[in-house]
Amino acid sequence: MPENKLAFVLQLADNALILGHRISEWCGHGPILEQDIALTNIALDHLGQARSLFQYAADLYNALPKESQKEFISSPLLQQQSTAATEDSLAYLRDSWDFRNVLLTEQPNQDWAFTIARSFYYDHYAVLFYSELSKSTDLRLAAIAEKSLKEVQYHQRWSSEWVIRLGDGTTESKQKMQTAIEELWPYTGELFATSDAEKAVAQQLHILPLEQLKTVWEENTTAVLNEATLTTQDSKAWMQSGGKEGRHSEHLGYILAEMQYMQRAYPNMEW
């Protein structure tokens, strides 16, 4: 069903948008100028990925019958639009319950170690996922994935190097990195928790199901954590979930209030 592919593409777009917004909060606040610039560029990478995916999602959404559109996205502001959906309207006019990003991406920065740990977990997932998606039979998705893969491979190297630097650094940096790794761990399970839409799309696009990528992800992240002399986590521990179904933490509401303010205050504004 076309709704399955739309849900799949929106989930990817929302992940990139929300994580990119979170990372952009460091702009001007990085610990040193070099890392301030690095974080800004990483945030822009995520935003670029989100744009490409939202453009595709808008095309899929506009192709649905009106009634199907209302059932799929219930946000009133989007439904009231007389024009076709665009990358901007999908980003700025949906409410939190229509967002499908995983909970990990919306968690607060807190400190440098938490920001690194969040990116570290997500980046290792993104490299595996986009590598697989680049083989998709959907040529548009494959092209987006191929371009994104070059970016997330850099993100993975960057965050992994920081995990090692902090984990194998001073007593304080090690403690902060260990705390961040432990507290964000329960949000990693959702990365590989496959929804019905994802299962349908995996068969349709001939890509591996998410659960088949989890073993490699655990091996890769464990290798980095071992090098960083950090304690690895229990893979069978209880995990948070809900983001893919529109059930989010309180943090997403604050993100959207800031991110969507301008468009909601001045409807139909164009750059």
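Please treat every number below as a calculation from the coordinates, not as lab data. A quick note: this is a predicted structure, and the numbers were derived from the prediction, not measured. Cβ coordinates were reconstructed from backbone atoms using ideal geometry, including for glycine residues, and neighbour counts include every protein chain displayed.
So how tilted is helix 2-24 from the main axis of the chain? Cα-based, degrees 0 to 90, rounded to 10. Tilt relative to the chain: about 50 degrees. Classify segment 62-199: rounded, prolate or oblate, from the alpha-carbon gyration tensor (a ≥ b ≥ c, eigenvalue square roots; a/c under 1.5 rounded; otherwise prolate if a/b is larger than b/c)? Prolate, because a/c is 1.5 or more and a/b exceeds b/c. FRET efficiency for the pair Ala84 and Arg247, taken as 1/(1 + (r/R0)^6) with r the Cβ-Cβ distance and R0 = 45 Å, rounds to 0.95. Going by neighbour counts of Cβ atoms within 10 Å, the residues Trp162, Trp217 line up, fewest first, as Trp217, Trp162. Rounded to whole numbers, the Karplus 3J(HN,Hα) couplings from phi for segment 113-129 are 5, 5, 4, 5, 4, 4, 5, 4, 4, 5, 4, 5, 5, 4, 4, 5, 5 Hz, using 6.51 cos²θ - 1.76 cosθ + 1.60 with θ = phi - 60°, and x at Gly and Pro.
Each label point was placed 7 Å from the Cα along the Cα-to-Cβ direction; for Phe72 and Asp98 their separation is 1.1 nm. Among Val152, Val224, the order by Cβ neighbours within 10 angstrom, fewest to most, reads Val224, Val152. Of all lysines in the structure, the ones whose alpha carbon falls short of 29 Å from that of Lys5, not counting any fewer than 8 places away in one chain, are Lys66, Lys70, Lys135, Lys147, Lys150, Lys199, Lys214, Lys244. Of Val201, Val216, the sequence from fewest to most neighbouring Cβ atoms within 10 angstrom is Val216, Val201. For segment 2-265, taking the reciprocal of the average inverse distance between every pair of different Cα atoms yields a Kirkwood hydrodynamic radius of 18.8 Å.
One decimal place: the segment Tyr261-Thr40 gains 77.4 nm when fully extended, by the rule 0.36 nm per residue minus the C-alpha distance. Here each label is just a point 7 Å from Cα along the line to Cβ, and for Glu146 and Glu25 those points are 3.6 nm apart.
Relative to the dominant Cα principal axis of the chain, helix 171-184 is inclined by about 30°. Take the Cα of Leu139, step 7 Å toward its Cβ, do the same at Arg165, and the gap between the two points is 4.2 nm.
In degrees between 0 and 90, to the nearest 10, how far off the longest principal axis of the chain does helix 196-205 point, with axes built from Cα atoms? Its long axis makes an angle of about 90 degrees.
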